[in-house]
Each structure stands twice: as C-alpha cells, then as structure tokens.
Amino acid sequence: MRRIRPFEAATLAGALALTGGVGWSGTALAEGEVTITHYFSGDLGRAGLEKIFAKFKEEKGITVKDSPIGHEDFKAGILVRAAGGNLPDVFSYWAGARTQFVVDAGNLGAIDDMWAGRGLDAVVAKSVADGATMYNGARYLVPFGYHYAGMFYNAKVMADAGVTEFPTTWDGFLALCADLKAKGITPIALGSKNRWPAQFWFDYLLLRTAGPDYRAKLMAGEAAYTDDEVKAAMGMWKDLVDAGYFAPNANADDWTDASDRVARGDAAMTLMGTWITGYWNGNGLMAGDDYDFFEFPAIAEGVPNAVVGPVDGLLISDNAPNRANAEELLAFLVSDEESQGIWAQAQGALSPNVGVDESIYTSVMKRALAAVGNADTFAFNYDLATPPPVAEVGLSMFARFMDDPSGYEAILADAEAAARDAFQQ
C-alpha cells in the first residue's frame, strides 16, 4: 500500500465522516458467496441489480452480499476502504483516471487470465475494451455499462416553440437559444450542486474547439488551464451564461432538479448523460414522445467528432478472499445478455456486450448508440479523464464559474496553480 498523500488524507477523512467509517469487514465468506460494493444506490439501479443478482445465484449458486453506497459518498469512501486494506471482493468504479489511480496504488487484481478464459474479447465491443479495460499493460476492469452525454430536451416545449430542426452547428445552437428565450422559455437547465454535471459543458466546448488531442494533454498535465485554448472555451461558456440562457442558481440544483425542470417544461433542455432516460422513464415519461436529444453541435471546422461519457466498470480487489467467485460474477455480469438488457433498461445505459439485441433500447437510446458509433473519439468525461486530485480542482472551478463567470480568467489562473500542485503530489 502506497503512502497516502496530504490531499488524499483530507479527502479520506471527509469520506469517513460521511460514511461513518463503516465498511466491509474483510472477513472471508462462505464458499458460495461474494461481496460487492457499488454506487448504484438509486431505486432503479437497486431494483435492476436485485433481479440480476437473483439470476446469478439461481444459475451459479453464489450469493451476492451487496453493500451499496450513495454516488457522491462513494467517490472518496472507496478510497478509505482501499487505504485500510478493507475492500470487498468486487467494487464498481469509473473507467479512466480513477481506475488508473487505484491500479497505481496496488489495490487491484489483474483479470487477464479470466478475460481470456471466458472469451470476453468476443463479448465486449472492441472500442470499449480498448479504451476502458487496460491499465499499465494489464487488464483490470470489466465494463458493465456506458453512457453518452447529449442535449436532452422536452419534445412538447420544442414543438410548441416551433422548433422542427435541431442545430448541428454552434451558430445554429445560439440561434435556438435566442429564439427560445425570446418566446419566454428558459433554454438550458443545469444542476451543478454536486459540481460534476457542469463538466460536460467544459468537455464539449474544449473538445469541439481545441480537439481531443489537446484536451488529452490538459488532462495529463501537459497543457495549462491558462492556455488560450481553455480561455476560449470558457469564454464561450460565459457568453451563454451572460445571455441568460441558463436557468438561474445552477449550483442550488442537482442533476435531477435540472431534469425535473426540463420534464415540467420550465426549461427546454439539459446537457446530461443517458442515465437521464432511465430517470425520466421511471417517472412515466415516454422516449420520443415526451423527450428526445440532439448531439452537442460542431463548433470549429476540422476538429474530430468526440462524444463524451463514462464507462461504469467492475474491479476485483488485490486481496479478494473470494477471488474465484468474484471472477464468476464479473464474467456473468458482462456476458449474460438478459442481465445486460435488464441493466441497460434500468439505468438508461448502453451495453458493452455486442450480442445484446438493440430491441431492448428505446428509440432515443438507439440514436444515442448510433451517435457513439459514428464518433471519431469516445472521451471520458472530465472527472474520469484526469487524476482524482486534479479532478477535484476542476470540479470546484466549474462550480465557482457558475456562481460568477465574470472573472473566469482569474478562476483559470487559480485552477492552474492548484492543478500543478495536485499533479506534483
């Protein structure tokens, strides 16, 4: 176990306070059991997992001991368990820089033999496998589902406003926002109370202007937040806020509040991941009739088309006492097409399993799948693309910006100084 850095120590102390210091006991279980901790604690996620775990027990004779943690508490809470050598057999985590972080800390067990033995190369889409499962030359993560971030809107609001075509260019998007506002409709809802929903605006504005290669350099600390490329993206975001296109007090709402604004017709659209479809479906909205989406528009010519989203993965701890059962569970969760279908429908997720019948998807999710398939690059969203200590810097920067974007260049200068410190720890 590597030494915990000062930044992490503060984060972990906060997480202990949030979670009460409670974690899995580390006691080896009976032969037919496996422990798992995850952040799928919402009603839809829990219900879907209960069905899947029951199916797993029926087919494999292995009981899943399930210990969910709330999404926000999980981010630091799982690091508390890792620091104490107190991880469950299996835990969920986001592919990208967060998984890289725990790999580098020596907290995970590689799964190359299991992956090959279960023939998962033929199960998992190559683009997902290549981008999400490999770290330091070995395979550690099994993808469970993935998401795409797009502009989700209230179909009735748009129809009543006379919108029949949706923008594919930035000028077209600005014209749409201006038209909606002129008709008394708030164009955009954003619920950045927990900070992370704001990241999609930064991601797409930077990707659509500076491009994926530059953005990757920024995420790796090889470019600066004070660069002209970042200033330009933030300036465009500021212009949207200054024009009154966002609903006020974004930092007072969480993502479900923003989603509810759109569902009620209090705002026309929100930039969010496809999990919003699972949330809306659970509230009785109908895909295509009540809501739909369009892709974030192109801005600069010649820039590759990148889409943004997270991959939810499953990992095995390095000292899992029920290693064999853990491997059985991971292989089942990604390979069993019925379970993948249950999960995709419950979570509004796309399945990494190439054998899943597309008939499980709503019309909206089919279009989301096509958007991902047509993209040049699938980019992890900001807080999964840069190391966790740096992600904390950026997420706080976005929240500060939404409170007052007028001093965005000073905000970027502060973020650059803090990011340098975080990268060097």
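The table that follows gives values for the structure above.
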item: The stretch 128-168 - convex hull of the alpha-carbon atoms, volume per residue in Å³; result: 101
item: Cα→Cβ-extended label distance, 7 Å offset, between ASP404 and GLU337, nm; result: 5.8
item: Binned Cα-Cα distance frequencies in the stretch 26-108 - 10 Å width, integer %; result: 16, 46, 33, 5
item: Estimated inter-spin distance, ASP421 and ALA220, nm [label 7 Å along Cα→Cβ]; result: 2.6
item: Average projection area in nm² (convex hull over Cα atoms of the chain, one quarter of hull surface); result: 19.3
item: Rounded, prolate or oblate (a/c below 1.5 giving rounded, otherwise prolate when a/b exceeds b/c) for the stretch 211-366 by Cα gyration tensor; result: oblate
item: Cα-centred dipole magnitude for the chain, charges only on beta-carbon of K, R (+1) and D, E (-1), debye, nearest 20; result: 580
item: The stretch 100-234, dipole about Cα centre (Lys/Arg Cβ +1, Asp/Glu Cβ -1), debye to the nearest 20; result: 480
item: Of THR63, THR274, THR133, the one that fluctuates the most in a GNM where the chain has Cα springs shorter than 10 Å; result: THR63
item: Charge dipole of the stretch 351-425 about the Cα centre (unit charges at C-beta), most positive-ward option of SER406, GLY373, THR386; result: GLY373
item: Cβ-based exposure ranking for THR99, THR270, in which fewest neighbours within 10 Å come first; result: THR99, THR270
item: Rounded Å value of the spacing that divides the Cα centres of the stretch 195-268 and the stretch 30-102; result: 30
item: Sorted peptide list for 212-218, 262-268, 167-173, 34-40, criterion being average Cβ within 10 angstrom, highest first; result: 34-40, 262-268, 212-218, 167-173
item: Cα-based helix-to-principal-axis angle, 71-83 vs the chain, degrees rounded to 10; result: 40
item: Stretch gain in nm, segment LYS57-ASN136, where the contour uses 0.36 nm per residue and the Cα spacing is subtracted; result: 25.1 nm
item: Likely footprinting exposure, ASP89, ASP336, ASP130, fewest C-beta neighbours within 10 Å first; result: ASP130, ASP336, ASP89
item: Euclidean distance between Cα centres, the stretch 327-355 to the stretch 405-420, Å; result: 41
item: Residue order, fewest to most beta carbons within 10 Å, for SER351, SER127; result: SER127, SER351
item: Förster-model FRET efficiency, 25 Å R0, ASN86 and GLU31, C-beta, rounded to 0.05; result: 0.70
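Where a number appears in this text, it was derived from the coordinates with a stated rule and is not lab data. As the structure is a prediction and not an experimental result, all values here were calculated from the model. Cβ atoms come from the backbone with ideal geometry, glycine included; neighbour counts cover every protein chain shown.
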